[in-house]
Amino acid sequence: MGKLKGKADQVKGKTKEEIGSMTDDKSMEMKGKTQKTKGRLEETAADAAARMRRIGEKKR
């Protein structure tokens, strides 16, 4: 679930960033960049959690 939410946030953020850029709305552009970064972090955290679960399963 975290990885999917991360991807969705990246897409939404990219969209806001592009709209902000096209309309010269710096606030919207920065909100988009922030949301995109948050999405990347969520995706990375989900990947790390999955790796840790796999490592834990191998040690059993």
Being surrounded by 11 or more Cβ atoms within 10 Å (Cβ to Cβ) and either of a type in the set (D, E, K, R) or not in a helix (DSSP H, G or I) (or both): is that true of Glu57 here? no
Pairs with Cβ under 7 Å, 6+ apart, first in the range 43-57 and within 14 Å of Lys7 (Cβ to Cβ), second open to solvent by 40 Å² or more (accessible area, probe 1.4 Å): Glu43/Lys3; Glu43/Lys7; Ala46/Lys3; Asp47/Lys3
Check whether at least one residue in the range 18-30 is closer than 14 Å to Gly6 by Cα and open to solvent by 100 Å² or more (accessible area, probe 1.4 Å), and report yes or no. no
Just to be sure, is Lys14 surrounded by 13 or more Cβ atoms within 10 Å (Cβ to Cβ) and without any contact (Cβ under 8 Å) to a residue 24 or more places away in the chain? yes
Considering every residue within the range 34-43, establish whether at least one is open to solvent by less than 90 Å² (accessible area, probe 1.4 Å), on the phi < 0 side of the Ramachandran plot, over 10 Å from the mean Cα position of the chain (by Cα) and acidic (Asp, Glu). no
Being acidic (Asp, Glu) and not in a helix (DSSP H, G or I), is that true of even one residue in the range 25-39? yes
Leu4 fails exactly one of the following numbered conditions: (1) under 14 Å from the mean Cα position of the chain (by Cα); (2) surrounded by 12 or more Cβ atoms within 10 Å (Cβ to Cβ). What is the number of that condition? (2)
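The values are calculated or read from the model by the stated rules, or taken from the named source; none is laboratory data. Quantities reported herein were computed from a predicted structural model and do not represent experimental measurements. All Cβ positions, glycine included, derive from the backbone under ideal geometry; neighbour counts span all protein chains shown. Side chains included, ligands, DNA and RNA excluded: accessible areas come from the protein's heavy atoms. Shrake-Rupley method; radii C 1.70, N 1.55, O 1.52, S 1.80 Å.
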